[in-house]
Every structure is written in structure tokens, then in C-alpha cells.
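The values are calculated or read from the model by the stated rules, or taken from the named source; none is laboratory data. What you see is a predicted model, and the numbers here were worked out from it, not measured in a lab. Ideal geometry is used to build each Cβ from the backbone, glycine not excepted, and the neighbour counts take in all protein chains shown. All accessible areas refer to the heavy atoms of the entire protein, side chains included, with ligands and DNA or RNA removed. Shrake-Rupley method; radii C 1.70, N 1.55, O 1.52, S 1.80 Å.
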Amino acid sequence: GGAAATACGASSNIWAFCLTVVICVPLIGCATTIIAFVAQMPTLQALPMVLNMIVAIWGFIMWAFMSQSCADFFTGSYYDLFLLFKINVVFLCISFFFLCCSLAITG
């Protein structure tokens, strides 16, 4: 088994998070953009932003509540997966911040 088969992997779901961020979110974003353009539904283009917000909060919560022993385990055994997780959480939180700023400015 890989990282998901370990006790820390099962409790933190880092593998599922990274899979969601790297594969699912971009595919959903592309699909909704195409559908919104073809169907003339511009409000549908908000779905990727909402999904981004949800995934950013999910990643932030996962990171905040991860035990130090699990963080040490991932750093030692699955460093690349843990690095991918951290980078994605940071970028998603930054984009979430900019989304909040743009919503505050535009009303």
C-alpha cells in the first residue's frame, strides 16, 4: 500500500486532497466553463470559484488539525506528497484571499 493505506493517510486524507486539487478541480473548472459558454449561463462560471473556496478550507483544516507525528511521518516517508499538499493549500488559501478581496471590492 501507499500513503493512503497508512494510519496517518487514512486519518488525514492527504492523497484524496491532492488528487482532488490536481485532477478533479481543473477538470470541473474546464467543464463548467465550456458548458457556461455553450449554454449562455455566465453564472455557472462561479462554480469553480466556490469549489476552490471549499477545497481551500478543507486543506487548511486538514493541515491545522494534523498531528505532529503524522506530519513527521509524511515528511519522512512521503515527502513529495506532503510538499504537494502544502503547496496546494498555500496557493488555494492565497486565491481564496484574493476572491474575498474581489468580492469585497465589487460588492
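Data for the structure
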read-out	value
Only listed residue being aliphatic (A, V, I, L, M), free of Cβ contacts under 8 Å to residues at least 40 places away in the same chain and in contact with a Ser or Thr (Cβ under 8 Å, 6 or more places away or on another chain), chosen from 51, 47	47
Scan of the stretch 25-44 for residues that are open to solvent by less than 100 Å² (accessible area, probe 1.4 Å) and either under 20 Å from residue 55 (Cβ atoms) or in a helix (DSSP H, G or I) (or both), ordered by number	25, 26, 28, 29, 30, 31, 32, 33, 35, 36, 42, 44
Hits in the stretch 1-24 - residues which are assigned to a helix (DSSP H, G or I) and of a type outside the set (Gly, Ala, Ser)	8, 14, 15, 17, 18, 19, 20, 21, 22, 23, 24
Condition met for residue 81 (assigned to a helix (DSSP H, G or I) and open to solvent by 40 Å² or more (accessible area, probe 1.4 Å))	no
Of the criteria (1) more than 15 Å from the chain's Cα centre (by Cα); (2) open to solvent by 70 Å² or more (accessible area, probe 1.4 Å), which one residue 22 fails	(1)
In the stretch 10-19, the residues that are surrounded by 14 or more Cβ atoms within 10 Å (Cβ to Cβ) and either in contact (Cβ under 8 Å) with a residue 40 or more places away in the chain or under 16 Å from residue 99 (Cα atoms) (or both)	12, 13, 14, 15, 17, 18
Members of the stretch 45-74 that are modelled with pLDDT of 90 or more and open to solvent by less than 60 Å² (accessible area, probe 1.4 Å)	55, 56, 59, 62, 66, 67, 70, 71, 74
